[in-house]
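One structure below.
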Amino acid sequence: MTPPLIDAHHHLWDLAVRDQDWIIGDELAPLRRDFTHADLEAETRAAGVTATVLVQTVTVPEETPEFLALAHGSDLVAGVVGWTDLTAPGVGDTLAALRELPGGDRLTGIRHQVQGEPDPEWLLRPDVLRGLAAVAAAGLVYDLVVQPHQLPAAYKAAVLLPELTFVLDHLGKPPVVSGELRPWADAVRPLAALPNTACKLSGMVTEAAWDSWTAAALRPYADTVIDAFGPDRVMFGSDWPVCLLAASYAEVLDTARTLTADLTPAERDEVFSGTAARVYKLTKLGD
């Protein structure tokens, strides 16, 4: 039986419901429109993707219930990585309430835009660590969207919270444009050495030069995380529609296949299916 093809990282938004205030300037203008579930279905159907994980985009509490409701009515969205205020004293109660909503069974993880926090050790604040412990207690995972200089704090947080699985989004945003591996790789490897971590093979094309990237330019970064985490802790994510700044959905998937072509068939199945299903505890995996 062929395993399901899972896209472990994408977004959706409706600008009539909520502005995406991060979409500013001419460079990001292609993203300033609605990207709906119907749009996602068209892309995934053409690519053969049968299940996805929908990931938060803005730090407002209303978005996560909306995403859960959308997933509740979807045969495609198998999991939701939402947002809640980790620093709030009642974060555990908030997570429990989210699980009771329609689609609450699809809540698989929590994410915060750590990349925008000025404090490089934001993840190590006592109130944040308390919130992360509540995420673990709820049986959820935590998605890390961080810049390379924030990776050491992510490592320390993962050491302090071995009961919580940390999923590194977009490889930790390596400096693909410059072609440099260090110090990014030196910070990724200790994190990958911890058993409670995983990594998304996602977001690479938008860390590269948008109009001239090649699979060859991405390969050193993909090879680094596949070697460090192992295929059973790496999962494919399209980062659609953000990826459209540099590549189509099909191009991102084809590139990921190119970058994993040297793996065994079983290892590729992990990257494109098994890791996401296991880490996010996905059960509704489409046809």
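The values are calculated or read from the model by the stated rules, or taken from the named source; none is laboratory data. Not measured: the values here are computed from a predicted model. Cβ sites come from the backbone with ideal geometry, for glycine too, and all protein chains shown count toward neighbours.
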Of the residues in region 52-84 that are more than 24 Å from Gly116 (Cα to Cα) and among the hydroxyl-bearing types (Ser, Thr, Tyr), the one that is farthest from the chain's Cα centre (by Cα) is Ser74
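Could you count how many residues in region 211-241 are over 22 Å from Ala266 (Cβ atoms) and within 17 Å of the chain's Cα centre (by Cα)? Outline the logic, then answer.
Of all residues in region 211-241, those over 22 Å from Ala266 (Cβ atoms) come to 211-218, 220-221, 238-241.
Narrowing the set further to residues that are within 17 Å of the chain's Cα centre (by Cα) leaves 221, 238-241.
Of the residues in region 211-241, 5 are over 22 Å from Ala266 (Cβ atoms) and within 17 Å of the chain's Cα centre (by Cα).
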Checklist line | Check on Ala47, closer than 28 Å to Val234 by Cα, in contact (Cβ under 8 Å) with a residue 12 or more places away in the chain and small (Gly, Ala, Ser) | finding: yes
### Task
Kindly establish whether Ala8 is within 20 Å of Phe236 (Cα to Cα), surrounded by 20 or more Cβ atoms within 10 Å (Cβ to Cβ), of a type in the set (A, V, I, L, M, F, W, C) and in contact (Cβ under 8 Å) with a residue 60 or more places away in the chain.
yes
Matching residues in region 223-243 (surrounded by fewer than 22 Cβ atoms within 10 Å (Cβ to Cβ) and either among the small types (Gly, Ala, Ser) or assigned to a loop (DSSP other than H, G, I, E, B) (or both)) number 3
(message) Residues that are touching a Ser or Thr at 6+ places or on another chain (Cβ under 7 Å) and of a type in the set (Val, Ile, Thr): does region 2-21 have at least one?
(response) yes
Checked region 182-222 for anything within 29 Å of Phe35 (Cβ to Cβ), out of contact with any Ser or Thr (no Cβ under 9 Å at 6 or more places or on another chain) and in a helix (DSSP H, G or I); matches are Thr206, Glu207, Ala217, Tyr221
Check your understanding: Do we have any residue at all in region 243-261 that's acidic (Asp, Glu) and over 30 Å from Leu28 (Cα atoms)?
Key -> no
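Between Asp143, Asp119, which is out of contact with any Asp or Glu (no Cβ under 8 Å at 6 or more places or on another chain), charged (D, E, K, R) and within 30 Å of Leu181 (Cα to Cα)?
On the way: Asp143 fails: out of contact with any Asp or Glu (no Cβ under 8 Å at 6 or more places or on another chain).
Only one candidate qualifies: Asp119.
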Inside region 36-68, the number of residues satisfying the requirement of being hydrophobic (A, V, I, L, M, F, W, C), more than 19 Å from Gly103 (Cβ to Cβ) and surrounded by fewer than 21 Cβ atoms within 10 Å (Cβ to Cβ) is 3
The one condition Trp22 fails out of (1) assigned to a loop (DSSP other than H, G, I, E, B); (2) at pLDDT 95 or above; (3) within 19 Å of the chain's Cα centre (by Cα); (4) of a type outside the set (Asp, Glu) is (2)
Across region 193-222, the tally of residues that are closer than 19 Å to Leu132 by Cβ and surrounded by fewer than 22 Cβ atoms within 10 Å (Cβ to Cβ) stands at 3
Taking region 261-285 and keeping residues modelled with pLDDT of 95 or more and among the hydroxyl-bearing types (Ser, Thr, Tyr) leaves Thr264, Ser273, Thr275, Tyr280
Those residues of region 83-107 that are touching a Leu at 6+ places or on another chain (Cβ under 9 Å), part of a loop (DSSP other than H, G, I, E, B) and surrounded by fewer than 21 Cβ atoms within 10 Å (Cβ to Cβ) come to a total of 2
Only one of Gly179, Gly172 is surrounded by fewer than 18 Cβ atoms within 10 Å (Cβ to Cβ), of a type outside the set (Ser, Thr, Tyr) and at positive phi, namely Gly179
Within region 108-121, the residues that are part of a helix (DSSP H, G or I) and crowded, with 20+ Cβ neighbours inside 10 Å are Val114
